[in-house]
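Here the structure is laid out as structure tokens; the discussion comes afterwards.
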Amino acid sequence: MLEDAAVERVLVVTAHPDDVDFGAAGTIAGWTERGIEVHYCILTNGDQGGFDDTPRDQMGPLRQREQRAAADVLGVTSVEFLGHPDGHLVPTVKLRGEVVRAIRRVKPQRMVISSPERNWQMIGASHPDHMAAGEIAIQAVYPDARNQFAFPELLEQGLEPWAVDEVWVMWHADANHFVDVTEQFPRKLTALLSHVSQTSHQQDLEARLRSRLQATAERAGLPEGRLAEAFMVVSTA
């Protein structure tokens, strides 16, 4: 696994606004604190989210604003929205090409993605869009982003092939790496509270988050009271 000192840029690819904040906001806060650039590429417009009577045509733009606010809390460098319909995400060659474009533009050494596999222990993490986004992202990482013959139109636009060194998969049942985010927890919570349309009805959000992250820390063998996020880290070099 790469040392953080060897990482200049991270690209996060997720399906919806707020996915990354639930799965990895503490970890990302730690990276930006150490001077690592973090960029987001979010595939859908998020318009199937929300828990009130906000008109559907307003939900997508609202969720984009919320995600940008959450990203600002964490010190994220850029946020790109591809704008595909929420709830309809499927792995297509076209979408792979859009993510390849993002990879070649950002040139990340490390990527964070959702799991393309269903997690039967955490079914809420296995939204069909999450799994589709994970599959799209890993296909874009390998083989497409590094293959000069894939999506030749990108070469014509000056976007040269780029090989990502490693991928961190959120919400995978077989996590093999844990990050202590105890000090970053306040920023994670603030980022999640920025998603007002998604979290304002959850009066017990902080308690549930603490409970989940404490259980993850226990799995990692961290001292009592610590908080952790979990990933399956995969070398793609």
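Taking H as built 1.01 Å from N, whose amide H comes closer than 5 Å to the amide H of Ala15, not counting residues under 5 places away?
Distant-sequence amide H within range of Ala15: Leu43.
Out of the DSSP beta bridges found with both residues in the range 104-237, what percent are antiparallel (nearest 5)? Please list the in-between numbers first.
On the way: 9 of 14 bridges.
Of the beta bridges lying entirely in the range 104-237, close to 65 percent run antiparallel.
If we sort 212-225, 72-85 on the protection proxy, mean other Cβ atoms within 10 Å, highest first, what's the order? Spell out each step's value before the answer.
Values: 212-225: 14.3, 72-85: 17.5.
Highest-to-lowest ranking by the protection proxy: 72-85, 212-225.
Tell me whether the chain comes out rounded, prolate or oblate; compute the Cα gyration tensor, take square roots of the eigenvalues as a ≥ b ≥ c, and use a/c under 1.5 as the rounded threshold. Could the numbers behind the result be given before it?
Numbers: a/c = 1.65, a/b = 1.20, b/c = 1.38.
Oblate shape, in that a/c is at least 1.5 and b/c is the bigger or equal ratio.
Over the chain, what is the percentage of antiparallel beta bridges among all DSSP beta bridges, to the nearest 5?
DSSP beta bridges in the chain are roughly 30 percent antiparallel.
Determine the relative contact order of the range 13-82: mean sequence separation of Cα pairs under 8 Å and six or more apart, normalised by residue count, in whole percent.
Values: 87 pairs, mean separation 29.6, N = 70.
For the range 13-82, the relative contact order is 42 percent.
Suppose every Lys and Arg Cβ carries +1 and every Asp and Glu Cβ carries -1, with no other charges. What dipole size does the range 93-182 come out with about its Cα centre, to the nearest 20 debye? Don't skip to the answer; put the middle values down first.
Values: 9 positive and 12 negative charges, 37 e Å.
For this selection, approximately 180 debye.
When only Cα pairs under 8 Å and 6 or more residues apart are kept, what is the percent relative contact order across the range 44-176?
On the way: 165 pairs, mean separation 35.0, N = 133.
Relative contact order, the range 44-176: 26 percent.
Provide Phe51, Phe185, Phe231 in ascending order of the number of other Cβ atoms located within 10 Å of each residue's Cβ, fewest first. Can you show the working numbers first?
On the way: Phe51 11, Phe185 19, Phe231 22.
Lowest to highest Cβ neighbour count: Phe51, Phe185, Phe231.
Under 8 Å for C-alpha pairs, at least 6 residues apart: give me the relative contact order for the chain, rounded to a whole percent. The partial results should precede the final answer.
Details: 457 pairs, mean separation 59.2, N = 237.
Reported relative contact order: 25 percent.
Sorting check: for 95-103, 154-162, which peptide has the highest mean count of neighbouring beta carbons within 10 Å, and how do the rest follow?
On the way: 95-103: 21.4, 154-162: 13.8.
For the peptides 95-103, 154-162, the packing ranking is 95-103, 154-162.
Rule-based calculations on the coordinates, nothing more; no lab input. Predicted, not measured: the structure shown is a model, and the values here were computed from it. Heads up, the Cβs are rebuilt from the backbone with ideal geometry, glycines too, and the neighbour counts pull from every protein chain shown.
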